[in-house]
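The values are calculated or read from the model by the stated rules, or taken from the named source; none is laboratory data. Quick caveat: nothing in here was measured; it's all calculated off a predicted structure. All Cβ positions, even for glycine, are placed from backbone atoms using ideal geometry, and neighbour counts span all protein chains on display. Keep in mind that these areas ignore ligands, DNA and RNA; they rest on the heavy atoms of the full protein, side chains included. Shrake-Rupley method; radii C 1.70, N 1.55, O 1.52, S 1.80 Å.
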Amino acid sequence: MKSKMLLVLCCFIGLVGCANYDYPSNVKIGDSMPSASGQNLEGEPVNIPQDFLGEPTLLLLGYKQDSQFDIDRWLIGLDMTNTQVAVYEIPSIQGMFPRMFSTVIDSGMRKGIPKALWKGVVTVYEDGDKIQRFTGNQNPNNARVILLDTQGDIVYFYDAGFAVSALNALRSQLVE
């Protein structure tokens, strides 16, 4: 019995440990957003950035549950300044273990998010590592803020938490 428990514990640690890589950001203004697929909380498939082409789109990417604090501050700031842009929260979770429990994770998110907002929350599991490699995941509690133009190219990127100056810089990109 003890050996089985030890084996299960070792497998769990191995699965979780394999999912934690430290990547610096590779984002450059003008880059195209890499393709990634996910599913919104309504259960609909979403292809990033293809499904967002044609209008400026703001992606608020989070890699840990603690990223939600940053994302909420961005959402409040956008609302308080009446910023008009399509906004999507993109939890991007890397590793095999989270993928195995994606149904449980998504169910937990649905419980904490009003149903009217489910369409705008797109969880990315399979391509989570790809997104983190691109945007960097150092300081993983910080949200990654990416503004895409109508062609899916990056016109703004910020990964240092929330700041009013960053919000103003983002807003200035929307009026150009």
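When the test is whether a residue is in a helix (DSSP H, G or I), of a type outside the set (A, V, I, L, M) and modelled with pLDDT of 85 or more, D72 passes it. Within region 144-169, the residues that satisfy the criterion of being in contact (Cβ under 8 Å) with a residue 40 or more places away in the chain and over 18 Å from the mean Cα position of the chain (by Cα) are T150, Q151, V164. For region 36-88, a residue qualifies if it is small (G, A, S), more than 19 Å from A160 (Cβ to Cβ) and either touching a Ser or Thr at 6+ places or on another chain (Cβ under 8 Å) or without any contact (Cβ under 8 Å) to a residue 60 or more places away in the chain (or both), and the qualifying residues are A36, G38, G43, G54, A86. Per the conditions (1) at pLDDT 90 or above; (2) in a strand (DSSP E or B), the sole criterion not satisfied by P91 is (1). When R133 is tested against (1) open to solvent by 30 Å² or more (accessible area, probe 1.4 Å); (2) out of contact with any strand residue (DSSP E or B) (no Cβ under 9 Å at 6 or more places or on another chain); (3) at pLDDT 95 or above; (4) part of a helix (DSSP H, G or I), just one condition goes unmet, and that condition is (3). Only residues that are in a loop (DSSP other than H, G, I, E, B) and either modelled with pLDDT under 95 or within 19 Å of T135 (Cβ to Cβ) (or both) were counted in region 149-176, giving 9.
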